[in-house]
Amino acid sequence: MKVGFTVNGEAVSMEVEPRTTLADALREGLGLTGTHLGCEQGVCGACTILLDGRPIRACLMFAVQASGCSVTTVEGMAAEDGTLHPLQRAFCDQHGLQCGFCTPGMLMSALHLLHRETSPTRRRIREELSGNICRCTGYASIVDAVQAAAEEMAAGMDDAAPTEVTGGTT
Amino acid sequence: MTISTLPGDTPEEGGAVGTTVRRKEDGRLVTGHGRYVSDLRLPGMRQVAFLRSPYGHARLRRIDASAARTADGVDGVFTGDSAEIAAVGLRALSALPSYIETEQPVLARAKVRFAGEAVAAVVAGDRYQAEDAIELIDVDYEPLPATVCAWAEPEVPVHDEAPDNVLLQRTFEAGDVPETMAGAYLVLERELVTNRHAGNPMECRAGVALWDYADNRLTFWSGTQVPHLARNMLAELVGLPEGNVRVIAPDVGGGFGTKAVLYPEDVALCLMARAMRGVPLKWVEDRSEHLLAATHARDHRYLMRAGFAEDGRLLALEADVTCNVGAYSVYPWTAGIEPLMAGGLLTGPYRLGHYRCTVRGVATNTSPSGPYRGVARPASVFAMETVLDEAAHELGMDAVDIRRRNLITVGDVPYRMPTRLIDESGRYGECLDKVLDSIGYDGFRAEQARRREAGENPIGVGFACYNELTGLGRAAAAGPRMAFRTGHDACTVRINPDGRVTVLSGVTSQGQGLETTIAQVVADAVGVAYDDVDVRIGDTTESLWGFGAFSSRQAVIGGGAAHRAGEAVRGRVLALAAALFEVEEAKLKLEAGRVHIIGVRDELATLAELARVAYLESNRLPDGFEPGLEATRFYDPIRGAFAAGVQAAIVEVDRATGEMAILRWACVEDTGRVINPQIVHGQVAGAIVQGIGGALYEHLVYDEAGNLTTGTLMDYLMPTSAEIPELDIGHIEVPADNPLGVRGVGEGGTLGPNAVLAGAVADALGVRISRLPITPAVVWEAVQ
Ligand code: FES
Ligand code: FES
């Protein structure tokens, strides 16, 4: 079947089977491999994306169900010119990631939180991110990152000029 | 005790080591552009799915795959009897006299030995088609009685070669236990059982195998922690020259030991690729498969008998340790990996002269046990600390005092443990002091008593003192006399013609940030800026050699090799500069990419200028100077570096529900010299949280027929941000005896939580905790 939706602001249309999950459509169909699959059971949160602004598990949804919707994935977080979103930068600064496998899902859940609340407490952040499992960090550094990003976003963007992250090397 | 260096701090005079530089990995990982095996796409690639046994133990009477072979999109179906597959078996080797060698088939043959064992594989156009076809395979199983408990008599042995299921047994012995025990003031006997759980990295296993159509070459992309070992083993198993096998571990989504194993599925992929030359075959494991068939760990029983003097001194310890090693002797580490570690380090950081410990690895119809962060010691530390807590209780001593009485001190080191390992750390007392301070132990007992009197929810404190043996060199290498001996790693440091540095390191990373730490080490060793160093890891065609990520070894060993190679290249640069400028070499130094005469501000030349000469201007090369600027060095620390560690926590228990809240958690470890404070902190924090998961939530449970009843993440509970407390992590930095002075920090954190939490609950409620995990139900029952 044909399905059409917007991904990170761009309209896409693709041919999928009715049973193709949204996660597989993004990863295999569109090559957007930033959305990760950690369980395909709806538990780990690695596949979290925003659908019309709300976080959903892309592994639990069929691609056809996203028809006409607007999808945001981790690939759509940074600005056009590559400037990182404050959350992405804060994850780097605070060592909010190790292997990075849970990170796209964490970023999506955190983004959704910061869209709704400008200065969540640590406890709130912990609650909101409890649908995303991280096996590496022990979480405190992720909470640090979300807090730091919230502060920066609340303080206004101007005096927090984005910095480049040293790129990958291998 | 938090980290004072700010992220992104520019390295000062002292250089990059010791500072929190920006991780080189993060740019791609936070933008969704990581390169995990599961992301890899190659032209013409096909997908693989495995059919797995639904029985824990059964004879395989017949497999009919004819319907699958003609199903939509299917390119091939393989079973254990397929000629390509049947030719190869995995035999983990050990020269230990008691070791019984057994074989693990690539796909099950004749019988299945655990639920989840791969029985057949389908290659198809996509994963959906492959899974459809899997369902069309008809297997006739004849169920056999399964054994899931390692300390129960087997009805039908797992392997015919081992009728009692015992694959290995060894006794460690020092001093005279019977006589000392007879003279002890107090003799305690306890049975302690730990829970089977697993590393469970967020990225499951994944592999892509490509056998070139025309050239006899195999490329295997894999989330492996041990690419060079994997290359070596694969070459031997598939019969290719080692130079024709390339293993690539790109970004890996966590490993924790689970991926330090060469699995039958890995070998199956490569063998199927040989049968389908030119076609890349990809397998991405799903979580259900992972819980069923990736390695498990920590399913142990400790029978402890400990003799104490009246003043709390531990005089003698006798132990009998049984480890459930699962259905196969894990390749290549063998069934000895957990039992031998348990027996070798059971006595922990305590002085002890009289020790007798028999350990055994027993096969059962469960997924094979393998290395998992901390290997056996989260369990053995729990056993040891529990015994100390109870002795303190019996002797009317404080839990802290009995530990102080027995801990190895700075005055004792180098201390020869009863298993002949040499502990050279000795800073346990210092770690303990800091931990007590951090949890506020001074006021704790008064508050505990007050709550008791007021009838409020009780609180308790628990402790764990442990020694993590890290960076094992050839003389200390753990393991059951395997066919290989770990100890060294290699590193190549190359200054490119433009003066920037490329490092080809034998280390691997599954999140530990090795691209970053190796770059820090090399930047300082050569004398260039951190940003001018690029590190390539995980590809066996690029780096010369590395054993991989296990035993908290890479900072010590891979770091040591990087340091040595960096220094050697710096020497070449200085020699070149000395000859070109006719200055004595000893008067020169290389700093921030510039060569100076010591004490002179202006540079003689930049590294870029010198590199240009070395590669491109042969007319300027001094006589006899070999072109190029590169060096390769190995490093082997020979022994290991012990890392002292202490953790403690205060918990509050709800008597009515059995629920527990962690109020304080502190950990102090001797990390040696720290290369990157933020990364070290992250390693310790992550390890503690995995330990907490194992102590409180994570449990792989089999029913009597050998079915895994915790086969999804809804049944196998992993800790989330909501359960995990804030941790107070500190360290002391006593340089170890290696080029960088570092100690491994990857695993130590996992060693404490079992003991800490069991001790804390016992202290709060005055009960005994003899089994893990400590679920609310366990606590509630203990209270009744
Ligand atoms: S992959 Fe979707 S929740 Fe785990
Ligand atoms: S960073 Fe590895 S799972 Fe979160």
Please give the number of the condition residue B:158 fails out of (1) within 14 Å of chain A (Cβ to nearest Cβ); (2) touching a His at 6+ places or on another chain (Cβ under 8 Å). (1)
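How many residues are within 14 Å of ligand 1 (Cβ to nearest atom) and under 19 Å from residue B:511 (Cα atoms) if we restrict to segment A:75-111?
If we filter segment A:75-111 for residues that are within 14 Å of ligand 1 (Cβ to nearest atom), which is where we start, we get A:101-106, A:108-109.
Still in the running and under 19 Å from residue B:511 (Cα atoms): A:101-106.
Residues meeting the conditions: 6.
Select, from B:269, B:291, B:234, B:303, the only residue that is more than 16 Å from ligand 2 (Cβ to nearest atom), open to solvent by 20 Å² or more (accessible area, probe 1.4 Å) and not in a loop (DSSP other than H, G, I, E, B). Talk me through it step by step, then tell me what you get.
Values: B:269 fails: open to solvent by 20 Å² or more (accessible area, probe 1.4 Å); B:291 fails: open to solvent by 20 Å² or more (accessible area, probe 1.4 Å); B:234 fails: open to solvent by 20 Å² or more (accessible area, probe 1.4 Å).
Sole residue among the options that is more than 16 Å from ligand 2 (Cβ to nearest atom), open to solvent by 20 Å² or more (accessible area, probe 1.4 Å) and not in a loop (DSSP other than H, G, I, E, B): B:303.
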So, in segment A:103-119, of the ones that are open to solvent by 10 Å² or more (accessible area, probe 1.4 Å) and not aliphatic (A, V, I, L, M), which residue ends up nearest to residue B:33 (Cα to Cα)? A:109
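From the list B:473, B:462, B:429, exactly one residue is in a strand (DSSP E or B) and touching a residue at least 24 places away in the same chain (Cβ under 8 Å). Which is it?
Working: B:473 fails: in a strand (DSSP E or B); B:429 fails: in a strand (DSSP E or B).
Unique residue meeting the criteria: B:462.
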Against the condition of a type in the set (A, V, I, L, M), out of contact with any Cys (no Cβ under 9 Å at 6 or more places or on another chain), open to solvent by less than 60 Å² (accessible area, probe 1.4 Å) and away from chain A (no Cβ under 14 Å), how does residue B:218 come out, does it pass? no
Segments classed as strands (runs of 3 or more DSSP E), wholly inside segment B:578-656, with at least 1 members that are over 23 Å from residue B:526 (Cβ atoms): B:641-653
Being small (Gly, Ala, Ser), outside any loop (DSSP other than H, G, I, E, B), farther than 18 Å from residue B:777 by Cβ and within 14 Å of chain A (Cβ to nearest Cβ) is the requirement here; does residue B:685 meet it? yes
Looking at this structure, is residue A:126 surrounded by fewer than 24 Cβ atoms within 10 Å (Cβ to Cβ), out of contact with any Asp or Glu (no Cβ under 7 Å at 6 or more places or on another chain), at pLDDT 95 or above and facing chain B (nearest Cβ under 7 Å)? yes
From A:27, A:19, residue being surrounded by fewer than 24 Cβ atoms within 10 Å (Cβ to Cβ), within 13 Å of chain B (Cβ to nearest Cβ) and not in a loop (DSSP other than H, G, I, E, B): A:27
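Kindly evaluate residue B:280 against the criterion of being under 20 Å from the mean Cα position of the chain (by Cα) and surrounded by fewer than 22 Cβ atoms within 10 Å (Cβ to Cβ). Show your work before the answer.
Working: under 20 Å from the mean Cα position of the chain (by Cα): no; surrounded by fewer than 22 Cβ atoms within 10 Å (Cβ to Cβ): yes.
Spelling it out, it is not the case that residue B:280 is under 20 Å from the mean Cα position of the chain (by Cα) and surrounded by fewer than 22 Cβ atoms within 10 Å (Cβ to Cβ).
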Which condition number in (1) in the same structural domain as residue B:401 (by TED's automatic domain parsing); (2) of a type outside the set (Phe, Trp, Tyr); (3) touching a helix residue (DSSP H, G or I) at 6+ places or on another chain (Cβ under 6 Å); (4) surrounded by 22 or more Cβ atoms within 10 Å (Cβ to Cβ) is the one that residue B:458 fails? (4)
May I ask you to verify whether residue B:147 is within 30 Å of the chain's Cα centre (by Cα) and touching a residue at least 24 places away in the same chain (Cβ under 8 Å)? yes
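Condition check ((1) surrounded by 24 or more Cβ atoms within 10 Å (Cβ to Cβ); (2) among the basic types (Lys, Arg); (3) more than 14 Å from every other protein chain (Cβ to nearest Cβ)) across all residues:
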position: B:704; (1), (2), (3): no, no, yes
position: B:711; (1), (2), (3): no, no, no
position: B:719; (1), (2), (3): no, no, no
position: B:735; (1), (2), (3): no, no, yes
position: B:745; (1), (2), (3): yes, no, no
position: B:750; (1), (2), (3): yes, no, no
position: B:758; (1), (2), (3): yes, no, yes
position: B:764; (1), (2), (3): yes, no, yes
Filtering segment A:18-74 for residues that are more than 15 Å from ligand 1 (Cβ to nearest atom), among the small types (Gly, Ala, Ser) and either under 16 Å from the mean Cα position of the chain (by Cα) or under 18 Å from residue B:206 (Cβ atoms) (or both) leaves a count of 3
Within segment B:504-527, does at least one residue satisfy the condition of being assigned to a strand (DSSP E or B), touching a residue at least 24 places away in the same chain (Cβ under 8 Å) and in contact with an Asp or Glu (Cβ under 7 Å, 6 or more places away or on another chain)? yes
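Hey, among B:498, B:489, B:524, B:531, which residue is at negative phi, within 28 Å of the chain's Cα centre (by Cα), open to solvent by 20 Å² or more (accessible area, probe 1.4 Å) and modelled with pLDDT of 95 or more? Quick ask: steps written out before the conclusion?
Working: B:498 fails: within 28 Å of the chain's Cα centre (by Cα); B:489 fails: open to solvent by 20 Å² or more (accessible area, probe 1.4 Å); B:531 fails: within 28 Å of the chain's Cα centre (by Cα).
B:524 is the lone residue from the list that is at negative phi, within 28 Å of the chain's Cα centre (by Cα), open to solvent by 20 Å² or more (accessible area, probe 1.4 Å) and modelled with pLDDT of 95 or more.
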Kindly list, by first and then second residue, each pair from a residue in segment A:100-113 that is under 13 Å from residue A:146 (Cα atoms) to a residue that is away from ligand 1 (no atom under 11 Å from the Cβ) and among the aromatic types (Phe, Trp, Tyr), limited to pairs with Cβ atoms under 8 Å and residues at least 6 apart or on different chains. A:103/A:91; A:106/A:91; A:107/A:91
Output the qualifying pairs, or none if there are none: Cβ atoms under 8 angstrom, residues six or more apart or on different chains, first residue in segment A:117-136 and assigned by TED's automatic domain parsing to the domain that holds residue A:44, second residue open to solvent by less than 50 Å² (accessible area, probe 1.4 Å) and within 14 Å of ligand 2 (Cβ to nearest atom). none
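The values are calculated or read from the model by the stated rules, or taken from the named source; none is laboratory data. In this text, all values refer to a predicted model and were calculated from it rather than measured experimentally. Every residue, glycine as well, gets a Cβ built from its backbone with ideal geometry; the counts of neighbours run over all protein chains shown. Accessible surface is based on the protein model in full, side chains and every heavy atom, while ligands, DNA and RNA are left aside. Shrake-Rupley method; radii C 1.70, N 1.55, O 1.52, S 1.80 Å.
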